[in-house]
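> Before we start, here is the structure in question, set down as structure tokens.
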Amino acid sequence: SSGINAEYGGYMEKRDRSWRHFFVDLNTETEFSDPNLERIDIEKIHDKFKEFPSGEGSLRELFHAGPRQAFFLIKFWVNLNTPSVDPKGTDVFYGHDNRYESTERLHIKVSTKACSFGKGVVEKTQTVTPVATDGRLIYDVDKSPLCDYLISFIYKLKDLPGAILMNNVLENFTILQHVTDVDTGETLLCVACMFEVSETNESQYSIYRLVGH
């Protein structure tokens, strides 16, 4: 099975590139293959990723289909201290960048699903081929626009008075990203994402390995 590593960034930026604000930013040398990652039992979180309109399996079904070493949880602390802009203005772009790296040349499919109360509400699927860079195989999803659902969700969240209420809402909002080999259908990486509001002016994260029986 092919190992794959990943970096993520979700942001808003002025179209003239004068500033960029990251809601979440995972740009790390921490490898998903790190044997020292803390482990979390999938049974503790599976009900947050259980039903998808596409008919694709729940997180638990995907996990049991394996390979299990490809499954992770990332807890993000989201930076909502954004610059003041008109949410409906056209001079701001909302996007996300994903970067993957593998040791083998693959053709990958990246499926990203946003879930509310465990049910998928929006889904985006992209296929990516690698570019060889300095002897590494890099798969870039650059400047992919955030969907209207997520932009609207961010502003509804920002309107809430205080972190406790925001975290109550985020408790029931999750994202599942499933990366597969287009040719074989094999799961290369499956990342369940959960969120809280950052108490500081920067985003933070912790990566955990999902385990089960």
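The values are calculated or read from the model by the stated rules, or taken from the named source; none is laboratory data. Computed from a predicted model, the values in this text were never measured in an experiment. A quick note on method: Cβ atoms are made from the backbone with ideal geometry, for glycine too, and the neighbour counts reach across all protein chains shown. Ligands, DNA and RNA are stripped out before the accessible areas are found, and what is left, the full protein with its side chains, is counted by its heavy atoms. Shrake-Rupley method; radii C 1.70, N 1.55, O 1.52, S 1.80 Å.
> At a 1.4 Å probe radius, carbon and sulfur cover how many percent of the accessible area of segment 147-213?
On the way: 1770 of 3280 Å².
Carbon with sulfur: 54 percent of the solvent-accessible area.
> Skip the ligands, DNA and RNA, and give the accessible area per residue of segment 18-155 with a 1.4 Å probe, whole Å².
Working: 7320 Å² over 138 residues.
So segment 18-155 comes to 53 Å² accessible per residue, rounded to a whole number.
> Sticking with this one: Using a Gaussian network model of the chain whose springs link C-alpha atoms within less than 10 Å, name the residue from THR125, THR174, THR112 with the highest mean-square fluctuation.
Of THR125, THR174, THR112, the most mobile in the Gaussian network model is THR125.
> Quick one: which of LYS44/LYS124; LYS44/LYS119; LYS48/LYS88; LYS50/LYS158; LYS113/LYS156 span more than 24 angstrom between C-alpha atoms? Intermediate values should be presented prior to the final figure.
Values: LYS44/LYS124 26 Å; LYS44/LYS119 16 Å; LYS48/LYS88 30 Å; LYS50/LYS158 27 Å; LYS113/LYS156 19 Å.
LYS44/LYS124; LYS48/LYS88; LYS50/LYS158, as the Cα separations exceed 24 Å there.
> If you don't mind, there's one more thing I want to ask. Report, in cubic angstrom per residue, the convex hull volume of the C-alpha atoms of segment 123-213.
181
> Rg and Dmax of the chain over Cα atoms: what are they, in angstrom?
17.0, 51
> Could you state the per residue volume, in Å³, of the convex hull enclosing the Cα atoms of segment 33-143?
On the way: hull volume 20.8 nm³, N = 111.
Taking the convex hull of the Cα positions in segment 33-143, it is 187 Å³ per residue.
> How much FRET efficiency would the formula 1/(1 + (r/R0)^6) give for CYS147 and ASP183, where r is the Cβ-Cβ distance and R0 is 25 Å, rounded to 0.05? If you can, show how the numbers build up before the last one.
Details: r = 28 Å, r/R0 = 1.12.
The formula returns an efficiency of 0.35 here.
> Would you mind telling me which residue in CYS193, CYS147, CYS115 has the biggest mean-square fluctuation in a Gaussian network model of the chain, where springs connect alpha carbons within a distance under 10 angstrom?
The residue that fluctuates most here is CYS147.
> Pull out the extension gain between ASP91 and GLN69, defined as 0.36 nm times the separation in residues minus the alpha carbon to alpha carbon distance; nm, one decimal. Provide the component values of the computation, followed by the final result.
Values: separation 22, 0.36 × 22 = 7.92 nm, distance 4.21 nm.
Fully extending the segment from ASP91 to GLN69 adds 3.7 nm.
> Below 13 angstrom from the Cβ of ILE42, what's the summed charge of the other residues (Lys, Arg +1; Asp, Glu -1)? Don't skip to the answer; put the middle values down first.
Details: positive: ARG39, LYS44, LYS48, LYS50, ARG60, ARG68, ARG209; negative: ASP41, GLU43, ASP47, GLU61.
Residues close to ILE42 contribute a combined charge of +3.
> Here is a further query. Work out, step by step, the length gained on full extension between ASP34 and GLN126: first 0.36 nm times the residue separation, then minus their alpha carbon distance; give nm to one decimal. Kindly include the intermediate steps, with their values, before the conclusion.
Numbers: separation 92, 0.36 × 92 = 33.12 nm, distance 2.69 nm.
Result: 30.4 nm gained on full extension.
> Here is a follow-up. Set the Förster radius R0 to 30 Å, insert the Cβ-Cβ distance between VAL169 and ASN27 as r into 1/(1 + (r/R0)^6), and round the FRET efficiency to 0.05.
Details: r = 26 Å, r/R0 = 0.87.
In this case the efficiency is close to 0.70.
> Let me ask you something else. Relative to the present Cα-Cα distance, how much length would full extension add between LYS109 and TRP19 at 0.36 nm per residue of separation? Before the final figure, lay out the partial values.
Numbers: separation 90, 0.36 × 90 = 32.40 nm, distance 3.06 nm.
Working it through step by step, the gained length comes to 29.3 nm.
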